[in-house]
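Each remark here refers to the structure printed beneath this line.
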């Protein structure tokens, strides 16, 4: 049984610039973001903590990187945020391999495909490098534990928000970033569990966007044509709801076909202000990543008191049009 640690004090933040996720990022006093396995990895050394996100094109990762940078500055350590531009398990493994030879001080990984990284995680741990799963779990591996969202519970909250938005009946469609990502599948599991409580709700389609806003919008447009009586959408990945909202706006269906999804990113905020988004399930990427860095530093300094296979649940918050302004005012930047 894993040791569950609640971290409700960590608040989510709003991404300041969604476009930063699709670039190679910039350098700060604390760290940097990048995409090339060879390029930025050259700056990694034995004093560097490395975060390996699934990709950089999802607006969610902007806040995650900012949390890393803020905590690195606070702790006086060096940290880097290195990932492929888009969800790509092979490229993520290549980046992992490139930094492993540098023997960094610690590694946090959010896996695209857990099975693709279990062997290299074992290599890192055998070399004495602390490795934790962050944002997404890596089951059956040598990671020392997990810090992030309880995704099944988060999916249940999304399902409840969707049911409320559509009046507990009607056809709904799901757009998911990556069916191979365990955290997204856990959200889908939670969503289905919540919707199963409402016999009047039917899931008519589940489509994969590969964490692309453009693809999510195209899929949503096709689903609207195939199901003109669609009552609502659920976006599972961070890029999905912005695409769904775009499709609803283009079809003049905002407020008629409901939409809920994950992460309070600029596109989701604008969609809510436009009346195209009914609920946003906010994770806490800023605080999640900050806490993950503190955990890595403690492991590196052999000061950690966490149990083996620890599980730090950083929680979620459901944001609605009525609570959006208050949420934004309280979010860390």
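Quick notes on this one:
- Being modelled with pLDDT under 95, more than 25 Å from residue 328 (Cα to Cα) and in a helix (DSSP H, G or I) holds for only one residue in 178, 185, and it is 185.
- Only residues that are surrounded by fewer than 23 Cβ atoms within 10 Å (Cβ to Cβ) and either without any contact (Cβ under 8 Å) to a residue 24 or more places away in the chain or under 23 Å from residue 127 (Cβ atoms) (or both) were counted in region 76-94, giving 8.
- Of all residues in region 36-53, those satisfying the criterion of being surrounded by 21 or more Cβ atoms within 10 Å (Cβ to Cβ) and either under 13 Å from residue 65 (Cβ atoms) or modelled with pLDDT of 95 or more (or both) are 40, 48, 49, 50, 51, 52, 53.
- Residue check for residue 154: surrounded by 23 or more Cβ atoms within 10 Å (Cβ to Cβ), in a helix (DSSP H, G or I) and in contact with a strand residue (DSSP E or B) (Cβ under 8 Å, 6 or more places away or on another chain): yes
- Number of the exception - residue 286 against (1) crowded, with 24+ Cβ neighbours inside 10 Å; (2) modelled with pLDDT under 95; (3) in contact with a strand residue (DSSP E or B) (Cβ under 9 Å, 6 or more places away or on another chain): (3)
- For region 249-265, the criterion of being assigned to a helix (DSSP H, G or I), more than 20 Å from residue 326 (Cβ to Cβ) and modelled with pLDDT of 95 or more is satisfied by at least one residue.
- Hits in region 195-223 (condition: assigned to a helix (DSSP H, G or I) and surrounded by 20 or more Cβ atoms within 10 Å (Cβ to Cβ)): 195, 213, 216, 217, 219, 220, 223
- Cβ-Cβ under 6 Å pairs, at least 6 apart or on other chains, region 291-312 side at positive phi and surrounded by fewer than 19 Cβ atoms within 10 Å (Cβ to Cβ), far side assigned to a strand (DSSP E or B) and at pLDDT 95 or above: 309/145
- Once region 266-278 is narrowed to residues that are in contact with a strand residue (DSSP E or B) (Cβ under 9 Å, 6 or more places away or on another chain) and either part of a helix (DSSP H, G or I) or modelled with pLDDT under 95 (or both), the residue that is nearest to residue 166 (Cα to Cα) is 272.
- Members of region 177-202 that are out of contact with any helix residue (DSSP H, G or I) (no Cβ under 7 Å at 6 or more places or on another chain) and under 22 Å from residue 221 (Cβ atoms): 184, 202
Listed here are the residues, each with its yes/no results for (1) surrounded by fewer than 21 Cβ atoms within 10 Å (Cβ to Cβ); (2) free of Cβ contacts under 8 Å to residues at least 40 places away in the same chain; (3) closer than 22 Å to residue 95 by Cβ; (4) out of contact with any helix residue (DSSP H, G or I) (no Cβ under 6 Å at 6 or more places or on another chain).
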{"position": "116", "(1), (2), (3), (4)": "yes, yes, yes, no"}
{"position": "123", "(1), (2), (3), (4)": "yes, yes, yes, yes"}
{"position": "127", "(1), (2), (3), (4)": "yes, yes, yes, yes"}
{"position": "130", "(1), (2), (3), (4)": "no, no, yes, no"}
{"position": "136", "(1), (2), (3), (4)": "no, no, yes, no"}
{"position": "146", "(1), (2), (3), (4)": "no, no, yes, yes"}
{"position": "149", "(1), (2), (3), (4)": "no, no, no, yes"}
{"position": "171", "(1), (2), (3), (4)": "yes, no, no, yes"}
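- Flag if residue 266 is under 27 Å from residue 140 (Cβ atoms) and within 23 Å of the chain's Cα centre (by Cα): no
- Yes/no for residue 252 being out of contact with any strand residue (DSSP E or B) (no Cβ under 6 Å at 6 or more places or on another chain) and farther than 30 Å from residue 106 by Cβ: yes
- Note on region 80-149: enclosed strands (runs of 3 or more DSSP E) holding 2 or more residues that are at positive phi are 145-148.
The values are calculated or read from the model by the stated rules, or taken from the named source; none is laboratory data. Because the structure is predicted, anything quoted here is derived from the model rather than measured. Cβ coordinates were reconstructed from backbone atoms using ideal geometry, including for glycine residues, and neighbour counts include every protein chain displayed.
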